[in-house]
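Inspection log for the structure reproduced underneath, given as structure tokens.
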Amino acid sequence: MGDRWYQEAVVYCLDVDTYADSDGDGVGDFQGLIGRLDYLARLGVTCLWLNPIHPSPNKDDGYDATDFYNVDPRLGTLGDFAELLHQAQNRGIRVIIDLVVNHTSDQHPWFQSARSSPDSPYRDWYVWADHEPADRQQGMVFPGEQEETWTYDRTAKAWYYHRFYKFQPDLNIENPKVRAEIKKITSFWLQLGVSGFRMDAVPFIIEKTEPGNPNADKDFDFLTDLRQHVQWRRGDAALLAEANVEPDQLPVYFGDAAGSGNRIHMLFDFMLNGRLMLALARQDPEAIIDALRDTPKLPTGGQWATFLRNHDEIDLSRLTADQRNDVLAKFGPDENMQLYGRGIRRRLAPMLGNDRRHIELAYALQFSLRGTPVLRYGEEIGMGEDLSLDGRDAIRTPMQWSYKDNAGFSTAEPEKLVRPVIDKGEFGYQQVNVTAQRKDPRSLLGWFERMIRTLREAPEIGSGSTTHIDVPVPAGVLAHRADGRTGTMVFLHNLGTEDVEVDLSTLAPEADLPIDVLTDRNYEEVGKLDRLKLAGHGYRWIRLCRGRDL
Ligand code: NOJ
């Protein structure tokens, strides 16, 4: 593993309450997850990202905390969590947790106190206005489910600000006590042994909200301050942030204008995510080539986190209307598959028509593009969604472990489950489960294990630099390369369905014994790189040369 562990990590995102239930109450828990760590180790995961684990009324799946210093009793005790950290560490797996400090639940004792009186010591921990703000109906994140960003509270006799749902009042970042508290929260969990945080909603955390001004300034110094703090508490801790903003605004999240990487270590690459979806929909790599070209330069140590699916809808809002329509037409044609007028609430396998070749292509592509790959639980076996559930719950159904009742997730009565398991059709657990796939080396799970293992042979993807190889290639084909200290990898991915032949002979002078390291099938030897066959939806990961200065 490299000096900066997060650059060569494979991150696996899961929600403890839908992963594995050890005590039969219908809700997944830490003990259940501990029992599945061997599975995750075998898959090749090196870092778990746990969706929120704190006590919560769960009106936004835990992104509405009532106590940042404890765990939701449904998941177990703090002792169970500490045991999870220990057991994960034994297997070389790190754990990061969601840090959701833009807001609290309205049930949080801080907010309850704040609303009770203008003299409450917590009053100024939230953002208030005495009069109705002119921008009250602007900036909603969940259109259709959220009507305003300022809500009148009768008890407080004032308006409070909430960037998200109205039960999620924003904390007032300008209050030094709030800043100190956020740092204390990070200290607590670092002390317990987490390796860092997935920071929720970072552009909103640093917003210096003023009533009536929908475009308030942002306080990036807080990120510098927080990074300093976290790093002094634990030298190798990493921050992975959600900042879904325009690409040209991203560099300042990584570091200051002088070019030092003194803020966030890693940012999710939302721009690439939308363009990957577009490229897959159009069977044309142009959008990915644009993304590679438009990627802002990162300071040393800065890193992208790539993903195809996460726990939210696929956000297509940064595509043009034409582009968005193409993706929706292909992957989310029914209104019921769409969400917030900008996204798709589906998993990848059903979007790709459960076409195994297409699914492999898509994930081979994601895992070969620059950055650290993040994989959502269940994608490794090709789980589907349940569109009869509300909103994002469609893609948050329990993990499908086996043929047993409730997919082996829980022994509870089905009506007691945190969410129903998918038990019908081609994505029902009778068809899609871990037990069946772990026995079969040709399964999607077997493929993921092999593909992830291959990453160990290609560290340039995570820690090197990635560029498009700009030579004439058949339509539908993306050629790119990753260069690093350890050498050069070359990648071919065919987004189209036709078999083709690719000529990369211009790279021959750089090659020493080039060899395929991951392919969708057995191809003829790489040879002089001039006649590289590539099947429809095929891919080839080729080691071009090894570093000479090792
Ligand atoms: C972003 C999270 O990914 C999403 O699930 C959540 O609803 C909002 N932040 C609010 O915390």
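The values are calculated or read from the model by the stated rules, or taken from the named source; none is laboratory data. Please read all numbers here as calculations on a predicted model, not as lab measurements. Glycine gets a Cβ as well: all are built from the backbone with ideal geometry, and neighbour counts include every protein chain shown.
With the structure loaded, tell me whether Ala349 is surrounded by 23 or more Cβ atoms within 10 Å (Cβ to Cβ), more than 15 Å from the chain's Cα centre (by Cα), in a helix (DSSP H, G or I) and at pLDDT 95 or above or whether it fails that test. Reasoning before the result, please.
Numbers: surrounded by 23 or more Cβ atoms within 10 Å (Cβ to Cβ): yes; more than 15 Å from the chain's Cα centre (by Cα): yes; in a helix (DSSP H, G or I): yes; at pLDDT 95 or above: yes.
Taking the combined requirement at face value, the residue satisfies it.
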- Is it the case that some residue within segment 28-42 is among the aliphatic types (A, V, I, L, M) and not in a helix (DSSP H, G or I)? no
- Task: Only residues that are more than 16 Å from Val418 (Cβ to Cβ), within 16 Å of the ligand (Cβ to nearest atom) and touching a helix residue (DSSP H, G or I) at 6+ places or on another chain (Cβ under 9 Å): list them for segment 30-66, please.
- Result: Thr66
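Quick check on this structure: which one of Ala156, Ala134 is among the small types (Gly, Ala, Ser), surrounded by fewer than 16 Cβ atoms within 10 Å (Cβ to Cβ) and either outside any helix (DSSP H, G or I) or away from the ligand (no atom under 16 Å from the Cβ) (or both)?
On the way: Ala156 fails: surrounded by fewer than 16 Cβ atoms within 10 Å (Cβ to Cβ).
That would be Ala134, the only listed residue that is among the small types (Gly, Ala, Ser), surrounded by fewer than 16 Cβ atoms within 10 Å (Cβ to Cβ) and either outside any helix (DSSP H, G or I) or away from the ligand (no atom under 16 Å from the Cβ) (or both).
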- Cβ pairs under 6 Å, 6+ apart or interchain, first in segment 162-177 and charged (D, E, K, R), second outside any loop (DSSP other than H, G, I, E, B) and more than 11 Å from the ligand (Cβ to nearest atom), ordered by first then second residue, are Lys166/Thr151; Asp170/Tyr161
- Wholly inside segment 465-550, strands (runs of 3 or more DSSP E) that include 1 or more residues that are of a type in the set (A, V, I, L, M, F, W, C) and either surrounded by 14 or more Cβ atoms within 10 Å (Cβ to Cβ) or in contact (Cβ under 8 Å) with a residue 40 or more places away in the chain (or both) are 477-484, 487-494, 500-502, 515-519, 532-534, 539-546
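This table checks each residue for (1) part of a loop (DSSP other than H, G, I, E, B); (2) surrounded by 15 or more Cβ atoms within 10 Å (Cβ to Cβ); (3) within 16 Å of the ligand (Cβ to nearest atom).
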position	(1), (2), (3)
Val71	yes, yes, no
Gly76	yes, yes, no
Leu84	no, yes, no
Asp98	no, yes, yes
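Which residues, counting only those in segment 307-323, are in contact with a Leu (Cβ under 8 Å, 6 or more places away or on another chain) and either acidic (Asp, Glu) or closer than 20 Å to Arg396 by Cα (or both)?
At the first step, the residues of segment 307-323 found to be in contact with a Leu (Cβ under 8 Å, 6 or more places away or on another chain) are 307-309, 313, 316, 319, 323.
Phe307, Leu308, Arg309, Glu313, Leu316 - these are the residues of segment 307-323 that are in contact with a Leu (Cβ under 8 Å, 6 or more places away or on another chain) and either acidic (Asp, Glu) or closer than 20 Å to Arg396 by Cα (or both).
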- Message: Looking at segment 371-398 only, could you name the residues that are assigned to a loop (DSSP other than H, G, I, E, B) and either in contact with a His (Cβ under 8 Å, 6 or more places away or on another chain) or modelled with pLDDT under 95 (or both)?
- Response: Arg396
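Condition first: more than 16 Å from the ligand (Cβ to nearest atom) and touching a residue at least 12 places away in the same chain (Cβ under 8 Å). Now tell me which residues in segment 182-194 satisfy that. Break it down into steps so the answer makes sense when it comes.
Step one: of segment 182-194, the residues more than 16 Å from the ligand (Cβ to nearest atom) are 183-184, 186-194.
Passing the criteria: Lys183, Thr186, Ser187, Phe188, Trp189, Leu190, Gln191, Leu192, Gly193, Val194.
If we scan segment 3-15, do we find a residue that is of a type in the set (Lys, Arg), under 22 Å from the mean Cα position of the chain (by Cα) and modelled with pLDDT under 95? It would help to see each step written out before you state the result.
Taking segment 3-15 and keeping what is of a type in the set (Lys, Arg), we get 4.
Those still in the list that are under 22 Å from the mean Cα position of the chain (by Cα) too: 4.
Okay, now just the ones that are also modelled with pLDDT under 95, so 4.
Yes, segment 3-15 has at least one match.
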- Item | Check on Tyr126, over 30 Å from Tyr39 (Cα atoms), crowded, with 19+ Cβ neighbours inside 10 Å and more than 16 Å from the ligand (Cβ to nearest atom) | no
- Item | Considering residues of segment 195-226 that are small (Gly, Ala, Ser), more than 16 Å from the ligand (Cβ to nearest atom) and part of a loop (DSSP other than H, G, I, E, B) only, the residue farthest from Ala237 (Cα to Cα) | Gly212
